[in-house]
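Please read the structure below before turning to the comments.
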Amino acid sequence: MKPAPFAYHRPSTVAEAAQLLAATQGKILAGGQSLIPIMSMRLASPAALVDLNHVPGLAAIDVTSTAVHIGALTRHAALEANDAAYLANPLLRRALRHVAHATIRNRGTTVGSIVHADPAAEMPAVLRLLGGIVEAVSSERGHRSIDSADFFVGPLESALQPDEVAVAATFPHPPGGSGSSWAEISRRHGDYGLVGVGSLVVLDEGRRITSASVCLISVGGTPVLVDVTDASSGTTYDAVDWTAALELVDAAIDPESDIHATAAYRRQLARVLTGRALAQATADAIARVAA
Ligand SMILES: Cc1cc2nc3c(=O)[nH]c(=O)nc-3n(C[C@H](O)[C@H](O)[C@H](O)COP(=O)(O)OP(=O)(O)OC[C@H]3O[C@@H](n4cnc5c(N)ncnc54)[C@H](O)[C@@H]3O)c2cc1C
């Protein structure tokens with residue numbers, strides 16, 4: 001199928017893009033890897049597209065002492081390949097490798113994925129796990145920062161208002177002594193995950209666990225963040241038993257059945273992958289402390 005007719009605008013500044021978005025009640029076009037298929041299937045028929053791709057300065061990756069900052073046009077592939085971002089925060093590359101295929105990552109943007117808010121997408125969960133921020137601009141109300149805790153509202157629904165352009169996202173660095181991992185099962189390489197789990201484990205100098213958390217995809221309407229610190233804290237890394245953490249995750253998720261997997265299978269995957277992700281993140285923390 002082909003999309004319904006739409007007007008096409010090519011702004012050259014963020015201010016112009018925000019004005020056009022408000023005036024046309026259209027949609028921002030970033031990488032087009034989700035929007036164009038949806039339009040082609042006539043699941044959405046926006047009257048206008050406001051193409052961000054000709055606005056200069058939006059593709060930067062800035063690694064500071066506290067965070068990785070990316071612009072709205074930073075492609076998944078550029079962030080995945082960025083060694084400074086990987087060194088500061090390995091979870092970014094680890095999760096990005098599960099986002100679709102390389103060709104889609106070449107064009108799709110990480111901020112676009114966050115705004116699209118697919119509950120099966122990896123990078124919204126990474127932003128949520130790390131406590132990141134989305135920067136938004138509207139022509140009426142100016143700039144605001146939206147905490148990831150408030151950003152994901154429901155399936156394909158974020159707190160971004162229809163007249164707002166997301167201009168950047170910030171992924172804070174994980175704390176010292178931490179390790180991270182991403183574990184996921186999909187039916188074929190490049191498919192959306194049946195379940196995916198990001199994990200962050202923090203150890204103190206005595207190699208005791210001081211905090212542990214996981215964020216799961218495809219088991220609810222939004223990324224599901226579960227703090228499992230109470231299930232493990234104070235235990236040394238080699239004596240930890242994650243059974244209580246798995247129970248906390250089981251209570252927090254609400255998976256659905258679809259053509260890809262039953263809810264019961266997703267629940268089982270969530271347990272297996274959570275155990276795996278926590279063990280890998282703990283091993284990563286030990287390796288990083290030793291390095
Ligand atoms: C076959 C296939 C497999 C895929 N598999 C995966 C996967 O496994 N995991 C995964 O996470 N993703 C997957 N994707 C989606 C891919 O990651 C997309 O790149 C991403 O979802 C959207 O990014 P985009 O830049 O292409 O956004 P677009 O498609 O351009 O836009 C998506 C939506 O976000 C809005 N939007 C985008 N940017 C902004 C902005 N800056 N401000 C305001 N609104 C904005 C658009 O208006 C639109 O509503 C897959 C896509 C395909 C086609």
*Exposure of residue 86 as accessible area (Å², to 10), given a probe of 1.4 Å and all protein chains*: 70
*asked:* Can you list residues from other chains, or at least 5 along the same chain, whose modelled amide H is less than 5 Å from the amide H of residue 167?
replied: 135, 136, 137
*At 37 °C and 0.692 mPa s, what whole-number value in µm²/s does Stokes-Einstein give for the translational diffusion of region 7-54, with Rh from the Kirkwood sum over Cα pairs?*
305
_Charge dipole (debye, nearest 20) of region 1-116; +1 at Cβ of Lys and Arg, -1 at Cβ of Asp and Glu_ = 420
*For the chain, with every protein chain kept in place, what is the accessible area per residue (1.4 Å probe, Å²)?*
45
*If amide H atoms are built 1.01 Å from N in the plane of the peptide, which residues on other chains or at least 5 residues away come under 5 Å of the amide H of residue 185?*
194, 195
*Determine ³J(HN,Hα), in whole Hz, for all residues of region 32-49 in sequence, where each value follows from phi through the Karplus function 6.51 cos²θ - 1.76 cosθ + 1.60 and θ = phi - 60°; x replaces Gly and Pro.*
x, 6, 10, 5, 5, x, 5, 5, 5, 7, 6, 7, 9, 9, x, 5, 8, 10
*Would you compute, from DSSP H runs of 4+ residues alone, the mean residue ellipticity of the chain at 222 nm, taking -39500 (n - 2.57) per run and dividing by the full residue count, rounded to the nearest 500?*
-9500 deg cm²/dmol
*asked:* Using a 1.4 Å probe on the protein heavy atoms, what percent of the accessible area of region 99-241 belongs to carbon and sulfur?
replied: 47
*Using θ = phi - 60° and the Karplus form 6.51 cos²θ - 1.76 cosθ + 1.60, what ³J(HN,Hα) does each residue of region 181-192 get, whole Hz, x for Gly and Pro?*
7, 10, 10, 8, 10, 10, 5, 9, 4, x, 6, 4
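The values are calculated or read from the model by the stated rules, or taken from the named source; none is laboratory data. Because the structure is a prediction, the values reported are computed rather than measured. Using ideal geometry, Cβ is built from the backbone for each residue, glycine included, and neighbour counts are taken over all protein chains shown. Surface areas here come from the heavy atoms of the whole protein model, side chains and all, with no ligands, DNA or RNA. Shrake-Rupley method; radii C 1.70, N 1.55, O 1.52, S 1.80 Å.
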